[in-house]
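Comments concern the structure below.
Quick note: the coordinates plus some simple rules give every number you see, no bench work behind them. Treat the numbers as computed from the prediction; the structure is a model and nothing was measured.
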Amino acid sequence: MKRLLLSLFLWLPIYAHAALNVFACEPEWGALAREIGGNAVKVYTATTALQDPHRIEARPSLIAQMRRADLVVCSGADLEAGWLPVLLREAGNARVQPGLPGLFEATRFVALLEKPASLDRSQGDLHAAGNPHIHTDPRNLARVGAALAARMAELDPSSAAVYQARWKDFSTRWDAAIARWQVRAAPLRGLPVAVQHKSFSYLLAWLGMKEVVTLEPKPGVEPSVSHLARVAAQLQATPARAVLRAGYQSPRPANWLAERTGIPALALPYTVGGNDRAQDLFGLFDDTLDQLLKLAP
Amino acid sequence: MLRPALAAAVLAAAFPAYADADLDALRAELKEMKASYEARIQALEARLQKAEDQAADAAAQSETAAQPTPASLASSSFNPDISLILQGRYANLDDIEHRHISGFVPAGHDHGAERGFSLDHTELVMSASIDPYFHGYFNLALLDDEVEIEEAWFQTSSLGNGLSAKAGRFLSGIGYQNEHHPHAWDFADNNLMYRALFGEAYGNDGVQLKWVAPTELFMELGAEAGRGANFPGTDRNANGVGSYALFGHLGGDVGASHSWRTGVSYLHAKASDRDGELEDINDVEAETLFSGTSKAWMADIVWKWAPNGNAREQNFTFAAEYFHRTEEGSLLCEDNTAAGGACTDREDAYRSRQSGFYAQGVYQFMPRWRTGYRYDWLDSGSVDLGANGAFLPVTDFNPTRHSLMLDFSPSEFSRLRLQYSKDKSMENLSENQWFLQYIHSLGAHGAHKF
């Protein structure tokens, strides 16, 4: 009965006013906005799980979508520095300019890891503010979600009740899921792994796993064969249980290493849409944990 | 004090069975202690984890409290983004005294082609938000004995409704390549079409108004008006508008892997005593002065492919542009009889209709490596010199060029390029050109347009 009332309530706004147009830079934020907004929002996701969020072309289709956005939800911390500023300038949309509530930067709402001590390009493609891949820790999604629900309510007061109700419902289910995942993930504590790019730092920190080596010699720099040979030697001394990579990253370095060292290469979904099972935020972490638990002793 | 311990030792020696029982008790006690400590350590760990989580939450909250609205996504400091582009090359070229494109009047702003090692433009770029209402951009090209302000403009960011206005000195929005600075070109030199039309690119001092339609299909309309001092116009001592331009673009995606943009542009410029150097029928250099109007139509298309839209591994870009230019007015061929030339300071009607295109494909076949091919073709069309036709030759030669390049980019900020061109842009000449080029960008290098 409660659910029926809620769903009736959720259907109402469609007839009351136009939906809030949300432009999500990455799939995880698109999924989060959909969870909070339901039918009261229209979400456009600018990138897919198979695309490298660092390197997106400022395509005309993205400018056209940016033009119509009421709210832009991005990771921030320079992750989109190569394309978002162009979209913001070219679209002529005054609602979503820097400094306005229409531009929501998720990394503002969590404490970032791996803030570089010094900034020099010789150290690779550094993010001055810290590692921007925050969504791989589900607790960060809860923090960002609370702020996002408040922001959506601020921009679209007529649906504020919907956003708050849906957020409450989601966060209850989400907190329960986090507790469940943490219990399941207990055997992963202390498990050593190698990563291709520092995409999973928050996930590993959450689960207490150990990152023993990164395949990229410097952030954003493609690993050469000679560098991979050094990594292989390092892995002889400090073994890892798997090499983790995101779906959009090239399988070659991890596979090369797998062949040499016998350490299995694991393609984690990384974000929503990263594989068949990761079709929503719950599926994303269910699948990630299932894959990781296969490594546990 | 010692006695009980001593007694125990003696007893232990005397009655081993009793000692064993005592040891078992001790072991059990130890085990219990260990278990209890482990439990306490676990409890402490849990509390620590909880405290860490709370600290992280608190940190995040304090951050949000400190910054209730997000600051700029593009840059996190108040300083403008500054970048410096270093560009240089080695060119292996024939020794040609007066490089030109046969059948076309030379456009201004051509830095020529130096042989051997040389430095290209060194570009200094600064940009930042001025305040919540404007964005500013500045691009300085540094050359020996020459500093040139390529762009210096501000653009509105708060008009909304898809509108944005720009004013100052800027590269015109016409065509496709026009807004790209040389460091963003896909080849070591300019295509023949832009060389014939503008020298390098069309820049103007003036205003631009752009509007993006609220549709899913990208639709953009733009209009510009300005001083019109650059080729094909000339600087003039006058109020009002010297040149204006109109352009429209359409664009979109086809599936996840393909994206495109196409456009039509029109440029109208006025020239007054525009200087040009041509060889007359006696092969003597003659100075010509053109006054009149220059109208150019341009059409462009760009098609980009990347598997699943992920350009990191492989991608392909095709770009082609076409132009048709009409110039009408009068031409004065200055007297060069003293040097053996044919011209006698005569001014008469002039009318030319010329066209051309370039088409290029650039393929990134593996990370960091790209190869590309470009074809240039110009039609010198019809040139009606009136009475000056008696002194100046008219050609029906069609300049062409094939270019092949290979470039390697160790990172997004550095690039090395090798290029070979078979250049037939001058009548009766077929030149093999080799270029070895580097392009490096220091500092906060801004994002590139599509």
Cα-based Rg (one decimal) and Dmax (whole number) for the stretch A:144-217, in Å?
17.6, 50
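If each DSSP helix of 4+ residues adds -39,500 (n - 2.57) and the sum is divided by the residues in the protein assembly as shown, what number results at 222 nm, nearest 500 deg cm²/dmol? Kindly include the intermediate steps, with their values, before the conclusion.
Working: 13 runs with 200 residues, N = 747.
For the protein assembly as shown, the value works out to -9000 deg cm²/dmol.
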Determine which aspartates and glutamates satisfy two conditions relative to A:Lys168: a Cα distance under 14 Å, and not lying fewer than 8 residues away in the same chain.
A:Glu35
Karplus-derived 3J(HN,Hα), 6.51/-1.76/1.60, for each residue of the stretch B:340-347, Hz, glycine and proline x:
x, x, 9, 5, 10, 6, 10, 10
Sequence order, the stretch A:100-113: Karplus ³J(HN,Hα) from phi using 6.51 cos²θ - 1.76 cosθ + 1.60, θ = phi - 60°, Hz rounded, Gly and Pro as x, gives 9, x, x, 10, 9, 10, 4, 5, 5, 10, 9, 7, 8, 8
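Would you mind computing Rg(Cα) / (2.2 N^0.38 Å) for the protein assembly as shown, counting N as its residues?
Values: Rg = 33.4 Å, N = 747, 2.2 N^0.38 = 27.2 Å.
The reported ratio for this selection is 1.23.
What pairs from A:Lys210/A:Lys294; B:Lys295/B:Lys424; A:Lys198/A:Lys294; B:Lys270/B:Lys449 go past 28 Å between their alpha carbons? Don't skip to the answer; put the middle values down first.
Values: A:Lys210/A:Lys294 16 Å; B:Lys295/B:Lys424 26 Å; A:Lys198/A:Lys294 21 Å; B:Lys270/B:Lys449 30 Å.
Pairs exceeding 28 Å: B:Lys270/B:Lys449.
Could you pull out every whole DSSP H run in chain A that spans at least 27 Å of Cα extent along its own axis and averages 0.0 or higher on the Kyte-Doolittle scale? Write out the running numbers ahead of the final one.
Details: long enough: A:160-184 (35 Å, -0.60).
Within chain A not a single helix satisfies the rule.
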Under 5 Å between amide H atoms, partner at least 5 residues away or on a different chain: which partners does A:Ala242 have, H built in plane at 1.01 Å?
A:Ala194
Rounded Å value of the spacing that divides the Cα centres of the stretch A:71-150 and the stretch B:268-305:
48
Diffing the stretch B:312-318: the Karplus 3J(HN,Hα) column from phi (6.51, -1.76, 1.60, θ = phi - 60°), in whole Hz with x for Gly and Pro, holds 5, 7, 9, 6, 9, 10, 10
